[in-house]
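Quick note: the coordinates plus some simple rules give every number you see, no bench work behind them. This is a predicted model, so every value here is computed, not measured. So basically every Cβ, Gly included, is an ideal-geometry build from the backbone, and we count neighbours across all protein chains shown.
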Amino acid sequence: MRCILITITTTIALFLTSCGGTPATEQAESILVEPSPTLSATAEAMIDAPLLEDPTAVPASLDAQSDEADSMVETELSEEATSEEVVAENVRIEPKQTVPITPLAVTEPEPQAYAPIQLVIDDLAMNRSLMSVGLDANNYPVVPNHDIGWYNLGAKPGEGENVVLWGHVLRFRSAPDIPAPFARMKDLPEGARVTLIDEVGQEHAYAVSQQVWADPTEIEYILPQGREMVTMVSCIGDKVVTQRGIEMTNRLITIAEPVD
């Protein structure tokens, strides 16, 4: 009986050897000594690692991975914050440009000027009305026979220009009782006050600054002068007989300047 058992054991061992197998004992030893090569290094570490004393504790490797992930998130947030700070800094450094607004210049309207209607010269006891006149068909000044003429093609008082007046110094034979308006103009002293009153009652004060003898052809005295003034034209000089009657050889130009 013992011989039969030995034979059967020997036959099984030979069969296993011929099929390329490994005895069971060797297989067990192989399993214990050489773990399966399909296990990863992480698994081996987990197998060899001792049991954790605290079941809730996180393994060091996992904790390191978590720290690395948190660090990446913080880096991304930091980059975003830095980008926002740059934008904010750019806004502060380069503010929005605006177009400067220049205030419009406000010019006060010039006061309206009115025609003069009255001349007052206290030194000559004169208070006379004025007649508005211009030029005749031959471009000669129209001189009233017995009144003082205001040249209406010139300036009005207060306009900043030359206000021109004229009048005769000789009486007319047809009216010998009417005195000539400028008969005493040659007696007017320098500094004498001259007042013009316009049609709305405003008074414009001037003072005589000079008197000039001029030739009848020197018409520049009645032209614009670029400043406020009064020019009063009358006759003076030798008397001569012409086709138009008796005339005088020169013109007396009396100029008055504005006073406060």
Give, in nm to one decimal, the length gained when the segment between residue 213 and residue 132 is fully stretched (0.36 nm per residue of separation minus the Cα-Cα distance).
26.7 nm
Any idea how far the Cα center of segment 156-218 sits from the one of segment 106-155, in Å?
9 Å
Place a point 7 Å from Cα of residue 178 in the direction of its Cβ. Which residues in segment 137-159 have their backbone N less than 14 Å from it?
143-149
